[in-house]
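The values are calculated or read from the model by the stated rules, or taken from the named source; none is laboratory data. Just so you know, these numbers come straight off a predicted model, no measurement behind them. Here the Cβ is made from the backbone with ideal geometry for all residues, glycine too, and neighbour counts use every protein chain on show. What goes into the accessible areas is simple: the full protein's heavy atoms, side chains included, and nothing from ligands, DNA or RNA. Shrake-Rupley method; radii C 1.70, N 1.55, O 1.52, S 1.80 Å.
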Amino acid sequence: MANSSVICTDKTGTLTHNIMSVVAGSVSIHAKFVRKLKDNQARTNANRSRSPHRSSGLNTPHDDFSINQSMLNTILSWPLLSLFNAAIAVNSTAFEDEEKETGKCVFVGSKTEMVLLNFVKELGWVDYKEMRDMAMVVQMIPFSNKWKAMGVVVKTKHGFHFRVRRTL
């Protein structure tokens with residue numbers, strides 16, 4: 001992942017149930033993850049023939065592979081999983097609160113941030129509050145409608161990381 005990370009989200013159920021969830025994405029270049037992969041093969045482009053518009057070289061679609069989203073914990077290395085988790089948790093202003101009507105604990109904030117924090121929770125990753133407490137945030141750059149992005153600068157033992165979350 002070098003100096004950047006990419007999280008791709010797909011909205012499903014938004015119109016019918018007003019529910020959004022992460023159903024497909026990629027980690028780095030080749031790893032494609034899909035929620036319930038067996039039932040959602042169309043959501044991945046792994047192992048498809050090369051598009052005539054795609055550049056030739058080592059990164060052919062044949063290098064890509066798909067995994068069930070629930071298996072991310074078994075595929076990702078601990079440092080990569082931790083970076084992925086921190087990027088989601090720290091680059092967010094959403095939080096958990098008790099819903100008055102049901103007493104259920106829910107995320108409050110922008111829909112996209114709530115979806116990503118639910119994704120982390122579903123995978124059983126370190127709690128977002130703990131990740132935020134560990135982070136040395138230097139600067140938060142609020143969401144911009146013009147750029148459709150927000151960011152955070154975090155100080156690490158190796159220097160500074162600039163993490164961007166963009167909405168498409």
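Side notes on the structure shown:
- Portion, in percent, of the accessible area of region 124-168 that falls on carbon or sulfur, probe 1.4 Å: 60 percent
- FRET efficiency estimate (nearest 0.05) - Cβ-Cβ, Thr74 to Ile141, R0 30 angstrom: 0.30
- Each peptide in 151-162, 112-123, 83-94, 66-77 was scored by the mean count of other Cβ atoms within 10 Å over its residues; highest first, the order is 83-94, 112-123, 66-77, 151-162.
- Relative contact order computed over region 62-153 (Cα-Cα under 8 Å; 6+ residues apart), in percent: 24 percent
- Largest to smallest in accessible area, the residues Trp125, Trp147 fall in the order Trp147, Trp125 (1.4 Å probe, all protein chains included).
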